[in-house]
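Step one of this worksheet: look at the structure below.
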Amino acid sequence: MGIQPMNRYQLRFWIFSGSALFWLLAYNPTIAEIVPDNTLPVNSSVTPKGNTRVIEGGTRRDDNLFHSFKEFSFSVRTTDTTGDTAHFNNDLTVRNIITRVTGGLRSDIDGTIKANGTANLFFINPNGIVFGRNASLQIGGSFVASTANSLKFADSTEFSATAPQTSPLLTISVPIGLQFGSNPGEIVNQSQVSPDGAVNSISSPVGLQVPSGRTLALVGGHVSLEGGNLTATGGRIELGSLAGDSFVNLREIETGYALQYKDVLNFGDIELSGGAVVDASDSKGDVIQIQGKNVTLTDNSLILSITSQSNTGGNLVINAAESVKLSGGSNIGTVADGEGRAGNVLVRALDSIELVGTSNGSASIVGSQVCVLSSDCNSVTGDGGDLMIETSKLLIRDGAAIDASTFGAGRAGNVVVKATDSIELLGTSPDRQVSSGIFAQVAEGVIENAGDAGTLSIDTKRLTVMGGAQISTAARKGGNGGNLTINASDLIQLSGTSPLATASPSDKNRSGIFVSAEPEATGHVGNLNITTGLLTIEDGARISADNFGSANREGNATLNVRQLLIQNGGEVRAGSFASGPGGNLVVNAAESVQIIGKGNIASTPVPSTLFTQAQASGKAGNLNITTRSLNVRDGAEVTVSGKDLGPAGNLTIVANDLRLNQGKLTAETNAGQGANIELQNLDLLLMQNQSQISARAFKDANGGNINIDAAKGFVVAVPGQNNDIIANAFQGNGGEINITTKGIFGIEERKATQGNTTNDIDASSEFGFDGTVSINTPDIDPNRGLIQLPVEPVNVQVAQGCQTTGTQTAGKQSSLASTGKGGLAVNPYEPLSSSNIWEDVPVSTQTGTSRQRESVATVPNKIVEAQGWVRNEKGEIFLVAEDSRCSLR
């Protein structure tokens with residue numbers, strides 16, 4: 001009977017079973033043990049004592065103790081996870097325990113590594129190192145685990161794990177670096193232990209931990225923290241990944257060792273997943289350094305340093321040869337949670353940095369914050385650290401953020417973002433509650449005596465903010481807002497809103513760039529400065545400098561651009577919405593400003609606007625626009641206004657070409673003196689399709705003044721389209737309208753009544769005194785352009801070839817009157833100009849019998865004033881009297 005073929009279910013079972021067996025063989029550390037390789041002058045020895053492997057012997061050279069093993073793996077074999085230990089039973093005078101694994105197998109460590117005294121432990125296995133969930137450290141010094149080929153010393157010797165037989169005599173020198181081969185093994189950490197109940201600064205298991213003030217370093221090929229934690233309270237943590245032949249310097253410092261990568265050309269990847277935590281809290285200096293090709297954090301993984309004492313906290317430095325990516329609620333940051341200042345955060349990636357939110361609304365954040373853990377933020381007076389982001393492309397989406405905030409009395413840190421190519425901020429968290437963005441602010445829920453926000457600086461080529469994403473600095477309670485500066489050499493595009501956006505003034509669900517003092521704020525509003533080539537604000541997006549509180553110092557906004565485009569409901573504004581003053585809005589556009597159309601936000605139509613306003617009792621700021629060309633059309637508006645008791649600011653526009661096509665320039669107020677409009681340096685003001693320039697006042701306010709300076713140009717309104725220039729008032733007095741121009745066409749002074757189709761200039765008042773309208777056209781000098789006669793004119797007698805109809809009176813003095821230059825030449829001998837008015841001279845028709853022509857008197861009794869001219873066949877011109885029926889000689 002032949003062998004029956006396996007059915008597909010049996011095949012699947014055997015494949016699964018074989019894979020499981022292979023996994024168990026590969027990952028079950030009990031198969032391997034700690035085995036010396038007998039390559040040292042004095043070899044290591046391993047003695048089992050219960051659950052402990054006692055490691056003794058080795059070769060000592062001064063402060064250095066060398067061990068060498070063929071295999072080094074062990075695991076927890078009992079239910080007592082604290083009892084399985086590899087114990088380096090060294091003399092207390094040993095400074096460095098240097099261990100290598102030479103047998104070609106990786107090390108699987110799932111128990112405790114222990115050493116005596118304060119010795120540092122170097123553990124080298126080129127084939128890989130895996131720390132299991134039960135792995136822990138019980139040593140008194142620093143711990144360096146590496147998949148390097150060898151450890152080099154200051155005297156040029158090295159302790160090699162790949163060529164143990166060729167190693168020279170062991171040295172008394174200090175280690176200075178790690179030499180990697182062409183394919184270094186990976187390092188994995190899964191440790192989740194809490195020896196004696198120890199937890200880190202966020203109450204998670206400490207995992208692999210070194211004593212306070214010491215260094216914990218994992219340096220290899222691919223480095224993965226698969227839910228495994230690293231803790232170095234008051235110390236330093238180093239993660240480094242390399243690919244290919246490389247050398248990493250070891251520099252001895254107060255807290256152990258600092259790794260330097262200046263000679264490394266090829267890096268590998270570093271991944272943190274499964275909620276892994278890297279924690280070096282209450283440390284000083286550069287306390288966490290991560291160096292790789294691509295650095296990735298997922299699943300709520302965390303890299304942090306918290307300062308809960310009075311000293312300055314430690315800095316976080318992440319360098320990636322290609323990219324850094326955070327997703328799934330992962331965070332990188334420092335925190336001030338006491339009197340000391342938080343450390344700084346530097347994230348640098350040559351290609352890209354990407355921050356992505358999660359489906360459950362958790363944000364992925366790179367930040368430095370004040371008082372996010374303490375229950376009493378009034379006692380937290382330490383300042384936040386500074387954030388520095390450097391890359392080519394920065395992408396932040398789905399509610400992720402770069403954030404420097406304060407919840408306490410300490411000042412938030414500053415934020416500096418540099419992206420040589422582009423920055424994209426997209427959307428909100430999936431639950432639409434959190435905006436993607438970059439923030440430096442006094443946070444919501446802050447204490448009354450809040451600290452100040454930091455400054456925010458962004459430098460890039462192209463900046464895009466869409467779908468409810470934001471860039472913001474904000475003041476709350478007693479804290480001051482920070483200044484916001486953006487430089488984008490090419491363009492800035494702001495577009496759209498989040499799905500929750502409304503058309504309310506305080507809405508925070510629009511895409512945009514904001515500086516603000518929020519309600520209940522008493523601190524200063526920050527200033528906003530934007531410099532770019534093309535600035536586009538569209539589809540409900542907004543740029544604003546707003547005062548919603550009683551802050552006594554306004555926030556000013558300055559836009560320095562080549563071109564500004566606001567369309568489809570976009571807004572640029574500086575406003576006061578409470579008792580605090582609003583700031584000034586200044587637009588300098590080298591080429592053009594275009595404000596176009598309307599948009600819809602939550603089904604509410606909103607015009608595209610550029611404006612300053614006062615909505616309550618605070619004073620509004622001024623609006624100044626300087627550009628070559630300003631175009632306002634299709635329902636868009638440029639305005640300064642005071643809606644309640646607060647006075648409006650003034651509107652000043654300096655432009656060569658100003659065109660309004662169903663557009664408005666308005667300065668309107670309800671209180672006090674009217675707001676004024678100044679239009680300067682115009683070559684052309686063109687108004688079409690119900691356009692309006694208005695300095696209207698309501699209630700008992702006086703109308704504002706309108707000054708239009710087009711001394712070198714023209715004011716033109718297309719007839720019959722209801723284009724008005726008005727400075728009306730209701731109970732107050734009308735304003736003054738002054739227009740200086742070379743010519744004004746299609747518009748005139750008269751009352752602008754509702755619904756008429758005429759183009760009107762109106763400064764009237766319903767119940768007060770009317771204002772005045774003054775239209776000034778520069779005087780024309782009739783002598784301007786005349787040429788001095790080159791010779792004394794000859795008194796040439798005008799020949800009278802025709803007699804006038806009617807009786808001549810003898811003895812009357814004849815005369816010839818010339819008004820203006822007309823067709824006269826410079827002198828009588830020159831031909832007449834052809835730029836004269838043509839007048840047809842009808843040829844008379846004689847009737848009756850022919851008669852002999854009478855001789856013309858040589859001296860006529862009267863010279864009649866010439867009334868026309870004719871040209872003979874020779875092209876000669878003759879002046880003629882009004883009777884042109886005679887023929888010329």
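The values are calculated or read from the model by the stated rules, or taken from the named source; none is laboratory data. Values in this document were obtained by computation on a predicted structure and should not be read as measured data. We place every Cβ from the backbone using ideal geometry, glycine too, and count neighbours over all the protein chains shown.
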**Message:** I'm trying to understand the selection: among the residues of the range 431-442, which are modelled with pLDDT under 85 and surrounded by fewer than 24 Cβ atoms within 10 Å (Cβ to Cβ)?
**Reply:** D431, R432, Q433
**Request:** Check whether at least one residue in the range 596-606 is touching a residue at least 12 places away in the same chain (Cβ under 8 Å) and crowded, with 23+ Cβ neighbours inside 10 Å, and report yes or no.
**Result:** no
**Request:** For the range 644-681, name all the residues that are in contact with a Ser or Thr (Cβ under 8 Å, 6 or more places away or on another chain) and part of a loop (DSSP other than H, G, I, E, B).
**Result:** D644, L645, G646, P647, A648, G649, A655, N656, Q662, G663, A675
**Message:** Checking the structure you have, find out if any residue of the range 404-416 is among the small types (G, A, S), crowded, with 21+ Cβ neighbours inside 10 Å and either on the phi > 0 side of the Ramachandran plot or within 14 Å of the chain's Cα centre (by Cα) (or both).
**Reply:** no
**Request:** Could you list all residues from the range 255-290 that are aliphatic (A, V, I, L, M) and part of a loop (DSSP other than H, G, I, E, B)?
**Result:** V264, L265, A276, A280
**Message:** For N127, only one of the following conditions fails: (1) surrounded by 18 or more Cβ atoms within 10 Å (Cβ to Cβ); (2) of a type in the set (S, T, N, Q); (3) assigned to a strand (DSSP E or B). What is its number?
**Reply:** (3)
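Residues in the range 109-143 that are of a type in the set (D, E, K, R) and touching a Gly at 6+ places or on another chain (Cβ under 7 Å): how many?
Step one: list which residues in the range 109-143 are of a type in the set (D, E, K, R), which gives 110, 114, 133.
Next, only the ones that are touching a Gly at 6+ places or on another chain (Cβ under 7 Å) stay: 110.
Looking only at that region, the number is 1.
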**Message:** Consider the range 456-494. How many of its residues are closer than 19 Å to T420 by Cα, assigned by TED's automatic domain parsing to the domain that holds N414 and either not in a strand (DSSP E or B) or not hydroxyl-bearing (S, T, Y) (or both)?
**Reply:** 8
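Quick one: which of I318, I353 is within 30 Å of A409 (Cα to Cα) and under 25 Å from the mean Cα position of the chain (by Cα)?
Values: I353 fails: within 30 Å of A409 (Cα to Cα).
Of I318, I353, the one residue that is within 30 Å of A409 (Cα to Cα) and under 25 Å from the mean Cα position of the chain (by Cα) is I318.
Being in contact (Cβ under 8 Å) with a residue 60 or more places away in the chain, within 21 Å of G674 (Cβ to Cβ) and not hydroxyl-bearing (S, T, Y) narrows it down to one of A752, A763, A727, so name that one. Let's see the steps before the verdict.
Numbers: A752 fails: in contact (Cβ under 8 Å) with a residue 60 or more places away in the chain; A727 fails: in contact (Cβ under 8 Å) with a residue 60 or more places away in the chain.
Result: A763 is the single residue among A752, A763, A727 that is in contact (Cβ under 8 Å) with a residue 60 or more places away in the chain, within 21 Å of G674 (Cβ to Cβ) and not hydroxyl-bearing (S, T, Y).
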**Asked** Given the structure, is I744 at pLDDT 80 or above and aliphatic (A, V, I, L, M)?
**Response** yes
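State all residues of the range 41-57 that are touching a Ser or Thr at 6+ places or on another chain (Cβ under 8 Å) and either in contact (Cβ under 8 Å) with a residue 24 or more places away in the chain or aromatic (F, W, Y) (or both); if no residue qualifies, say none. Talk me through it step by step, then tell me what you get.
Keep residues of the range 41-57 that are touching a Ser or Thr at 6+ places or on another chain (Cβ under 8 Å), which gives 41-44, 51-57.
Passing the criteria: P41, N43, S44, N51, T52, R53, V54, I55, E56.
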**Prompt:** Applying the selection to the range 665-685, what residues are surrounded by 20 or more Cβ atoms within 10 Å (Cβ to Cβ) and of a type outside the set (A, V, I, L, M)?
**Reply:** T666, E668, T669, G674, N676
**Asked** Mind checking which residues of the range 194-210 are in contact (Cβ under 8 Å) with a residue 60 or more places away in the chain, in a loop (DSSP other than H, G, I, E, B) and more than 40 Å from the chain's Cα centre (by Cα)?
**Response** V210
**Message:** Could you go through the range 572-591 and let me know if any residue there is in contact with an Asp or Glu (Cβ under 8 Å, 6 or more places away or on another chain), closer than 20 Å to S489 by Cα and buried (at least 19 other Cβ atoms within 10 Å of the Cβ).
**Reply:** no
**Asked** Which members of the range 134-163 meet the condition of being more than 24 Å from V54 (Cβ to Cβ), in contact (Cβ under 8 Å) with a residue 60 or more places away in the chain and assigned to a loop (DSSP other than H, G, I, E, B)?
**Response** T147, A148, T162
**Filter result (at pLDDT 95 or above and assigned to a strand (DSSP E or B)) within the range 712-725** = G713, F714, V715, V716, A717, D724, I725
**Asked** Is it fair to say K664 is among the basic types (K, R) and modelled with pLDDT of 95 or more?
**Response** yes
**Total residues in the range 644-655, condition surrounded by fewer than 23 Cβ atoms within 10 Å (Cβ to Cβ), modelled with pLDDT under 95 and hydrophobic (A, V, I, L, M, F, W, C)** = 1
**Message:** Looking for something farther than 14 Å from I761 by Cα, assigned to a strand (DSSP E or B) and in contact with a Lys or Arg (Cβ under 8 Å, 6 or more places away or on another chain) - is there at least one such residue anywhere in the range 689-709?
**Reply:** no
**Request:** Scan the range 685-727 for residues that are more than 38 Å from the chain's Cα centre (by Cα) and among the β-branched types (V, I, T) and jot them down.
**Result:** V715, V716, V718, I725, I726
**Complete:** For the range 759-779, the count of residues that are in a strand (DSSP E or B) and either outside the structural domain of N722 (by TED's automatic domain parsing) or at pLDDT 90 or above (or both) equals 8
**Message:** Just to verify a result, which residue in the range 461-500, among those that are basic (K, R) and over 22 Å from E390 (Cβ atoms), is modelled with the lowest pLDDT?
**Reply:** K477
**Message:** Every residue in the range 616-643 that is more than 18 Å from V586 (Cβ to Cβ), at pLDDT below 95 and assigned to a strand (DSSP E or B), please.
**Reply:** G642
